[in-house]
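Chemist: After the structure tokens below, expect a handful of questions from me.
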Amino acid sequence: MAGVKQSLSVDLAGIRLASPVLAASGCAGTGRELAGLADLRRLGGLVTRTLTYKPSRGWPGPRVAETASGIVTGVGLQNAGVRAFVAEDLPRLARTGIPVLASVGGASLQGYIRAASILRGERGLAGLEVYLSGPDEENEGLPFYSRIDRMAEVIGAVSRLSMVPVFAKLPALIPDLVPAARGCIRAGAHGLTLIDAVPAMAVDVRRLRPRLGAVVGGLSGPAIRPIAVAAVFRVAQALPQVPVMGVGGIATAEDAVEFLLAGAWAVQVGTALMVNPSAPTEIAQGIAQYLHAKGLASPGDLRERMRLTGERPARGASAS
Amino acid sequence: MRRVRAEILNSRKLGAFQSITLVAPEIADRARPGQFVSVAMPDDRRFILRRHFSIHQASRRGGWAGTLEFVFDPQGPGAEWLAEAKAHQFLDVIGPLGRAFAYPRAPSNCLLVSEGYGASSIFFLAQELRARGKRVDMVLGASEESHLFKPIEAKRLSQTIVIVTADGSSGEHGSVMDVVPRAAQGAGTEVIYAAGPRPMLRTVAEFCIEQRIPAQVAVEEEMACGTGLCFTCVVPVIRKDGSGYDNLRSCTEGPVFNPARVFWDRWTSEETRAIPTPPEGFPRVVSSWPA
């Protein structure tokens with residue numbers, strides 16, 4: 001289709017991404033690790049490891065168990081704390097020139113506020129992503145996402161403090177996903193990230209014990225992709241104006257296109273980055289080829305393209 | 001570190017292990033003992049993680065220049081697939097990864113202690129030490145004879161060698177630590193290098209600390225990415241100033257560590273419990289945990 005001027009760039013709540021493929025939280029390192037293996041400048045953006053106000057050593061090992069088409073991990077948010085991030089990692093990441101989003105976590109409202117305050121106004125930060133899957137010490141240790149009002153409190157506080165767009169990261173397996181998404185947006189979030197790792201456990205049957213030090217961890221990788229696509233689809237149908245980043249098991253361009261067709265504005269690549277450091281670049285190239293083949297100009301054009309009820313091809317039609 | 005498509009030169013059985021030699025000059029030229037390579041699994045997504053193997057041999061010169069050998073236990077998903085790989089097949093390999101063993105500056109007598117698969121990196125180390133004029137002695141341990149790593153080759157590489165198996169099927173009957181003190185004394189050992197499973201490393205480390213022998217140990221931790229991204233392969237290491245410990249990644253800050261700084265009590269007591277100790281900063285009583 002000659003004549004269509006193609007661009008991979010995406011505007012995500014005011015953040016301009018050169019490519020719709022970002023590195024997901026906890027999977028892209030600090031800008032040092034992939035040197036020589038992948039060019040971070042070719043990423044659409046990067047979401048950092050989840051940062052907490054105080055440093056955390058995380059869970060004891062083992063921290064990873066491989067399962068069918070996925071991995072169960074329990075790292076426990078090991079990080080050097082938000083201050084160390086601002087002093088050491090952020091300048092290095094900012095030099096890449098790509099949008100950097102800081103993932104913010106906490107165990108209480110106060111924890112989120114403290115972390116967000118330190119990040120406030122930091123140059124080199126394009127946005128924040130709020131991790132909501134951790135235990136809330138003010139709510140019997142239940143995850144923040146288990147109560148919409150609680151999520152809204154956190155998102156509201158972080159959004160008021162932040163000078164850059166804020167994305168709420170939601171898990172797939174809550175029955176009121178759409179109300180939760182709506183609640184986060186009403187509270188001040190500029191966009192959403194869907195989904196977080198799915199709670200999961202692996203058991204060592206030979207030694208009769210859990211395979212992770214954390215006992216229960218989170219499943220990621222291709223195994224969770226259909227779950228993530230469904231979550232993106234449900235939210236995008238209900239809130240078509242809200243920028244959504246889709247994440248969960250994306251390893252190929254085709255996987256990413258699934259998310260874009262389901263309604264995502266951009267995608268994040270996590271587990272695949274650990275396996276194939278150049279996965280995001282390859283996926284971005286593949287998306288460009290797909291768009292070209294379909295005669296579309298930009299990734300955003302895919303959002304309205306999925307055929308739903310009433311537009312199915314006639315039965316028996318050839319697949320040409 | 002480089003990522004290359006490397007051709008398999010040959011794949012052969014080595015007792016209970018499998019050995020693969022690759023043509024990978026970009027990696028072989030830079031590889032040092034203690035470092036490892038990361039090998040991608042097939043694209044069918046059944047198991048997705050790369051597999052990590054310490055470098056057994058890297059040739060920079062001679063007829064085998066540019067080749068790299070690693071050895072593995074052909075058990076379990078991934079390893080079984082790799083053991084079936086044939087010559088001329090290509091593998092997606094990243095390496096060399098991790099921190100290598102450091103060599104002593106002054107001429108020294110080095111005792112190289114290993115158990116089972118751990119011997120893999122020790123042979124490469126022995127060659128490099130000898131090339132630097134060091135005396136090399138070895139203690140080679142295994143559960144049984146079939147898991148003993150190239151004993152003939154080991155004899156060729158070392159001044160003296162003690163072989164020990166848990167079932168007595170080859171060499172002495174017992175554990176590595178039963179023979180290390182005697183071997184160290186006989187050889188006038190000044191530096192100890194060790195590689196193998198956690199409990200064995202701990203006993204060697206305790207001996208080194210007690211005898212004030214400088215030592216380095218290479219750990220065998222399960223890794224997900226091998227490149228430092230995921231923080232799954234951590235080892236608790238006491239800070240230099242003694243103010244506490246940090247969980248360091250064995251893929252990037254290791255796999256070679258100073259055993260005097262490994263927090264052994266914590267590391268070897270990491271049995272999983274029904275109610276695990278929560279990470280700092282999180283409430284004590286919870287029904288869910290951050291993954």
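Chemist: Has region A:228-236 got at least one residue that is surrounded by 23 or more Cβ atoms within 10 Å (Cβ to Cβ) and either in contact with a Phe, Trp or Tyr (Cβ under 7 Å, 6 or more places away or on another chain) or outside any helix (DSSP H, G or I) (or both)?
Modeler: yes
Chemist: Would you check which residues across region A:58-69 are at the interface with chain B (Cβ under 7 Å from one of its Cβ atoms) and not in a loop (DSSP other than H, G, I, E, B) and list them?
Modeler: Residues satisfying the conditions are A:Val64, A:Glu66.
Chemist: Right, something else. Looking at (1) closer than 28 Å to A:Ala116 by Cβ; (2) outside any loop (DSSP other than H, G, I, E, B); (3) not aliphatic (A, V, I, L, M), which is the only condition A:Glu254 fails?
Modeler: (1)
Chemist: Still on this structure, I have one more. Scan region B:75-90 residue by residue and report those that are surrounded by fewer than 19 Cβ atoms within 10 Å (Cβ to Cβ) and under 15 Å from B:Asn10 (Cβ atoms).
Modeler: Those that are surrounded by fewer than 19 Cβ atoms within 10 Å (Cβ to Cβ) and under 15 Å from B:Asn10 (Cβ atoms): B:Ala83, B:Glu84, B:Ala85, B:Lys86, B:Ala87, B:His88, B:Gln89, B:Phe90.
Chemist: Of all residues in region B:1-59, count the ones that are closer than 30 Å to A:Leu219 by Cα, of a type in the set (A, V, I, L, M) and touching a helix residue (DSSP H, G or I) at 6+ places or on another chain (Cβ under 6 Å).
Modeler: So the count comes out to 2.
Chemist: Would a scan of region A:97-104 turn up a residue that is modelled with pLDDT of 95 or more and in contact with a Ser or Thr (Cβ under 6 Å, 6 or more places away or on another chain)?
Modeler: There is at least one residue in region A:97-104 that is modelled with pLDDT of 95 or more and in contact with a Ser or Thr (Cβ under 6 Å, 6 or more places away or on another chain).
Chemist: Is there a residue in region A:110-120 that is of a type in the set (S, T, N, Q), modelled with pLDDT of 95 or more and surrounded by fewer than 24 Cβ atoms within 10 Å (Cβ to Cβ)?
Modeler: Checked against the condition, which is being of a type in the set (S, T, N, Q), modelled with pLDDT of 95 or more and surrounded by fewer than 24 Cβ atoms within 10 Å (Cβ to Cβ), region A:110-120 yields at least one hit.
Chemist: Cβ-Cβ under 7 Å, sequence separation 6+ or interchain: first residue in region A:270-282 and without any contact (Cβ under 8 Å) to a residue 60 or more places away in the chain and at the interface with chain B (Cβ under 9 Å from one of its Cβ atoms), partner part of a helix (DSSP H, G or I) and among the small types (Gly, Ala, Ser). Which pairs?
Modeler: That search, which allows pairs on different chains as well, returns A:Ala272/A:Ala279.
Chemist: If you don't mind, another one. Tell me, which strands (runs of 3 or more DSSP E) lie completely within region B:96-205 with 2 or more residues that are buried (at least 24 other Cβ atoms within 10 Å of the Cβ)?
Modeler: Correct list: B:109-115, B:135-142, B:191-195.
Chemist: Name, by its number, the condition in (1) in contact with a Pro (Cβ under 8 Å, 6 or more places away or on another chain); (2) crowded, with 22+ Cβ neighbours inside 10 Å; (3) of a type in the set (Lys, Arg) that does not hold for A:Arg57.
Modeler: Among (1) in contact with a Pro (Cβ under 8 Å, 6 or more places away or on another chain); (2) crowded, with 22+ Cβ neighbours inside 10 Å; (3) of a type in the set (Lys, Arg), the lone unmet condition for A:Arg57 is (2).
Chemist: Could I ask something else about it? Name the residue, out of A:Gly134, A:Gly124, A:Gly97, that is within 13 Å of chain B (Cβ to nearest Cβ) and either under 19 Å from A:Gly29 (Cα atoms) or surrounded by 24 or more Cβ atoms within 10 Å (Cβ to Cβ) (or both).
Modeler: A:Gly134
Chemist: Turning to a different aspect of this structure: It is to be established whether one or more residues within region A:155-163 are buried (at least 18 other Cβ atoms within 10 Å of the Cβ), within 12 Å of another protein chain (Cβ to nearest Cβ) and over 20 Å from A:Val269 (Cβ atoms).
Modeler: No, that holds for no residue.
Chemist: Evaluate the following for A:Pro240: is it at pLDDT 95 or above, surrounded by fewer than 21 Cβ atoms within 10 Å (Cβ to Cβ), within 16 Å of A:Met306 (Cα to Cα) and within 14 Å of chain B (Cβ to nearest Cβ)?
Modeler: no
Chemist: Here is a further query. Among the residues of region A:38-57 satisfying the criterion of being part of a loop (DSSP other than H, G, I, E, B), under 21 Å from the mean Cα position of the chain (by Cα) and not acidic (Asp, Glu), which is farthest from A:Val86 (Cα to Cα)?
Modeler: Step by step, filter region A:38-57, then rank; the result is A:Ala38.
Chemist: List the number of the failed condition for A:Phe144; all other conditions in (1) touching a helix residue (DSSP H, G or I) at 6+ places or on another chain (Cβ under 6 Å); (2) touching a residue at least 40 places away in the same chain (Cβ under 8 Å); (3) within 13 Å of chain B (Cβ to nearest Cβ) hold.
Modeler: The number of the failed condition is (2).
Chemist: While we're here: Whether any residue in region B:97-119 is within 14 Å of chain A (Cβ to nearest Cβ), over 15 Å from the mean Cα position of the chain (by Cα) and closer than 26 Å to B:Thr232 by Cα is what I want to check.
Modeler: No, every residue in region B:97-119 fails to be within 14 Å of chain A (Cβ to nearest Cβ), over 15 Å from the mean Cα position of the chain (by Cα) and closer than 26 Å to B:Thr232 by Cα.
Chemist: Being of a type in the set (Gly, Ala, Ser), out of contact with any helix residue (DSSP H, G or I) (no Cβ under 7 Å at 6 or more places or on another chain) and under 19 Å from B:Asn258 (Cβ atoms) is the filter here, so list the residues in region B:174-207 that pass it.
Modeler: If the condition is that a residue be of a type in the set (Gly, Ala, Ser), out of contact with any helix residue (DSSP H, G or I) (no Cβ under 7 Å at 6 or more places or on another chain) and under 19 Å from B:Asn258 (Cβ atoms), then B:Ala184 is the only one that fits.
Chemist: Shifting gears a bit: Please specify each residue of region A:210-224 satisfying the condition of being within 7 Å of chain B (Cβ to nearest Cβ) and among the small types (Gly, Ala, Ser).
Modeler: A:Gly213, A:Ala214, A:Gly217, A:Gly218, A:Gly221
Chemist: Could you please let me know if A:Val86 is more than 12 Å from every other protein chain (Cβ to nearest Cβ) and touching a strand residue (DSSP E or B) at 6+ places or on another chain (Cβ under 7 Å)?
Modeler: No.
Chemist: In addition: Inspect all residues belonging to region A:186-198 and state whether any of them is buried (at least 24 other Cβ atoms within 10 Å of the Cβ), within 14 Å of chain B (Cβ to nearest Cβ), in a loop (DSSP other than H, G, I, E, B) and without any contact (Cβ under 8 Å) to a residue 60 or more places away in the chain.
Modeler: Checked region A:186-198: at least one residue is buried (at least 24 other Cβ atoms within 10 Å of the Cβ), within 14 Å of chain B (Cβ to nearest Cβ), in a loop (DSSP other than H, G, I, E, B) and without any contact (Cβ under 8 Å) to a residue 60 or more places away in the chain.
Chemist: Tell me which strands (runs of 3 or more DSSP E) are completely within region B:1-85 and hold 1 or more residues being of a type in the set (S, T, N, Q) and within 14 Å of chain A (Cβ to nearest Cβ), or say none if there are none.
Modeler: Counting at least 1 such residues, we get B:36-39.
Chemist: Right, here's the next one. Which residue out of A:Leu77, A:Leu40 is more than 8 Å from chain B (Cβ to nearest Cβ) and at pLDDT below 95?
Modeler: A:Leu40
Chemist: Turning to a different aspect of this structure: Kindly provide the set of residues from region A:2-37 that are within 11 Å of chain B (Cβ to nearest Cβ), among the aliphatic types (A, V, I, L, M) and more than 14 Å from the chain's Cα centre (by Cα), ordered by number.
Modeler: Residues satisfying the conditions are A:Leu34, A:Ala35, A:Leu37.
Chemist: With the structure loaded, tell me whether A:Thr252 is polar (S, T, N, Q), away from every other protein chain (no Cβ under 11 Å) and out of contact with any strand residue (DSSP E or B) (no Cβ under 6 Å at 6 or more places or on another chain) or whether it fails that test.
Modeler: Judged against the criteria, A:Thr252 is not a match.
Chemist: Right, here's the next one. Residue under question is A:Arg49, and the condition is that it be of a type in the set (Lys, Arg), more than 7 Å from chain B (Cβ to nearest Cβ), under 24 Å from A:Gly121 (Cα atoms) and buried (at least 24 other Cβ atoms within 10 Å of the Cβ); does it hold?
Modeler: Here the answer is yes, as A:Arg49 does meet what is asked.
Chemist: (1) within 14 Å of chain B (Cβ to nearest Cβ); (2) of a type outside the set (S, T, N, Q); (3) within 18 Å of A:Pro171 (Cα to Cα); (4) in contact (Cβ under 8 Å) with a residue 60 or more places away in the chain: which one isn't true of A:Glu129, the others all being true?
Modeler: Tallying (1) within 14 Å of chain B (Cβ to nearest Cβ); (2) of a type outside the set (S, T, N, Q); (3) within 18 Å of A:Pro171 (Cα to Cα); (4) in contact (Cβ under 8 Å) with a residue 60 or more places away in the chain, A:Glu129 fails exactly one: (1).
Chemist: Could you list all residues from region B:51-73 that are surrounded by 16 or more Cβ atoms within 10 Å (Cβ to Cβ) and of a type outside the set (A, V, I, L, M, F, W, C)?
Modeler: The answer is B:Arg51, B:His52, B:Ser54, B:His56, B:Gln57, B:Ser59, B:Gly66, B:Thr67, B:Glu69.
The values are calculated or read from the model by the stated rules, or taken from the named source; none is laboratory data. Quick caveat: nothing in here was measured; it's all calculated off a predicted structure. Please note: Cβ atoms are built from the backbone with ideal geometry, for glycine as well, and neighbour counts cover all protein chains shown.
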